[in-house]
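Colleague: Can you read through this structure? Questions will come right after.
The values are calculated or read from the model by the stated rules, or taken from the named source; none is laboratory data. Here the structure is a predicted model, which means the values were calculated and not measured. Positions of Cβ are backbone-derived with ideal geometry, glycine not excepted, and every protein chain shown enters the neighbour counts.
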């Protein structure tokens, strides 16, 4: 009888640990208007992070305020509100000052990188990029 109780305790401990690990995952919001790119980024990150998607800057701003993610992976060229404006609005909101911002864009001009970093982006990745690069940047930021 004692052995059965120990087995049951081990199962409960495992279940509790599993829930604790899931709850400990950091949250990342991907704001990207190209579905294929958003899905690729989601697949890259889903094993290590709770991932949410927004398909444009306006939706992204609504979700960042509702979800309060640990990090945002942010495209620059999007309809309605571009990535620069999204970054600026996140940085102007004191309740979102914890959010890390990684700008991901096909724009490769140095001016765009400087502008993004100047308005508060924490890092900047050029498309196309290796999947491990995005994962590494977020791991460095979020621990």
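Colleague: Report, by residue number, each residue of the range 82-97 that is more than 16 Å from residue 115 (Cα to Cα) and modelled with pLDDT of 95 or more.
Modeller: 93, 94, 95, 96
Colleague: Right, here's the next one. Just to be sure I understand the filter: pairs with C-beta atoms under 8 Å, separated by 6 or more residues or on different chains, first member in the range 58-84 and without any contact (Cβ under 8 Å) to a residue 12 or more places away in the chain, second member crowded, with 19+ Cβ neighbours inside 10 Å. Which pairs pass?
Modeller: 62/54
Colleague: Also, I was wondering about something else. State all residues of the range 94-119 that are buried (at least 17 other Cβ atoms within 10 Å of the Cβ) and more than 20 Å from residue 51 (Cβ to Cβ); if no residue qualifies, say none.
Modeller: Within the range 94-119, 107, 112, 113, 115, 116, 119 qualify.
Colleague: Could you tell me which numbered condition residue 112 fails, if it satisfies all but one of (1) at pLDDT 95 or above; (2) over 17 Å from the mean Cα position of the chain (by Cα)?
Modeller: (1)
Colleague: For the range 42-60, name all the residues that are under 12 Å from residue 32 (Cβ atoms), outside any helix (DSSP H, G or I) and within 12 Å of the chain's Cα centre (by Cα).
Modeller: Matches in the range 42-60: 51, 52, 53, 54.
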